[in-house]
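See below for the structure under consideration.
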Amino acid sequence: MFILSFLFFLTAILYSSVGFGGGSTYLALLLIWGIPYQIFPVIALCCNIIVVSGNCFNYARSGNINIKLLIPYLISSIPFAFIGGSLQLNKDFFEILL
């Protein structure tokens, strides 16, 4: 588990340096390590939120966020995130997608 934790940390550092969260890499690492498929979304989403929140804080602090441009994306992302989160995929199809 120490190696997996280190790889998660390394993923967070590398992805956050270019403004991303690293969600797909978290999922791949969890799959490789044999973590139960049902808890993938919880682990990957929590890690992704932590990394992206740090990036958002830095962008806001430096004044790079345009609120007028951001609002439509926020309004449309909430229902689509709910729809995407409610989709049920079987494990084999998920592994092919990943």
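Would you pick out the residues in region 1-35 that are in contact (Cβ under 8 Å) with a residue 60 or more places away in the chain and within 11 Å of the chain's Cα centre (by Cα)? Spell out how you get there, then give the answer.
Of the residues in region 1-35, the ones in contact (Cβ under 8 Å) with a residue 60 or more places away in the chain are 24, 27-28, 31.
The answer is Ser24, Leu27.
So, in region 62-82, how many residues would count as being assigned to a loop (DSSP other than H, G, I, E, B) and under 16 Å from Val52 (Cα atoms)?
Residues in region 62-82 being assigned to a loop (DSSP other than H, G, I, E, B) and under 16 Å from Val52 (Cα atoms): 3 in total.
Of the residues Leu69, Leu97, which is at pLDDT below 85 and either exposed (fewer than 11 other Cβ atoms within 10 Å of the Cβ) or in contact with a strand residue (DSSP E or B) (Cβ under 7 Å, 6 or more places away or on another chain) (or both)?
Numbers: Leu69 fails: at pLDDT below 85.
Exactly one residue qualifies, and that residue is Leu97.
Taking into account only those residues within region 75-86 that are more than 16 Å from the chain's Cα centre (by Cα) and among the aliphatic types (A, V, I, L, M), which is modelled with the lowest pLDDT? Write out each step before concluding.
Applying the first criterion (more than 16 Å from the chain's Cα centre (by Cα)) to region 75-86 yields 75-76, 79, 83, 86.
Imposing the further condition that a residue be among the aliphatic types (A, V, I, L, M) reduces the set to 75, 83.
Numbers: Ile75: 93, Ile83: 90.
Checked region 75-86; the qualifying residue modelled with the lowest pLDDT is Ile83.
Which ones in region 83-98 are touching a residue at least 60 places away in the same chain (Cβ under 8 Å) and not in a helix (DSSP H, G or I)? Steps first, please.
To start, the set of residues in region 83-98 that are touching a residue at least 60 places away in the same chain (Cβ under 8 Å) comprises 95, 98.
Answer for region 83-98, where residues must be touching a residue at least 60 places away in the same chain (Cβ under 8 Å) and not in a helix (DSSP H, G or I): just Leu98.
Only one residue in Asn48, Asn90 is surrounded by fewer than 12 Cβ atoms within 10 Å (Cβ to Cβ), closer than 25 Å to Phe8 by Cα and not basic (Lys, Arg). Which one? Outline the logic, then answer.
On the way: Asn48 fails: surrounded by fewer than 12 Cβ atoms within 10 Å (Cβ to Cβ).
Selected residue: Asn90, the only one of Asn48, Asn90 that is surrounded by fewer than 12 Cβ atoms within 10 Å (Cβ to Cβ), closer than 25 Å to Phe8 by Cα and not basic (Lys, Arg).
The values are calculated or read from the model by the stated rules, or taken from the named source; none is laboratory data. In this text the structure is predicted, and so the values were computed from the model without any measurement. Reconstructed Cβ throughout: ideal geometry from the backbone, glycine too, with neighbour counts over all protein chains shown.
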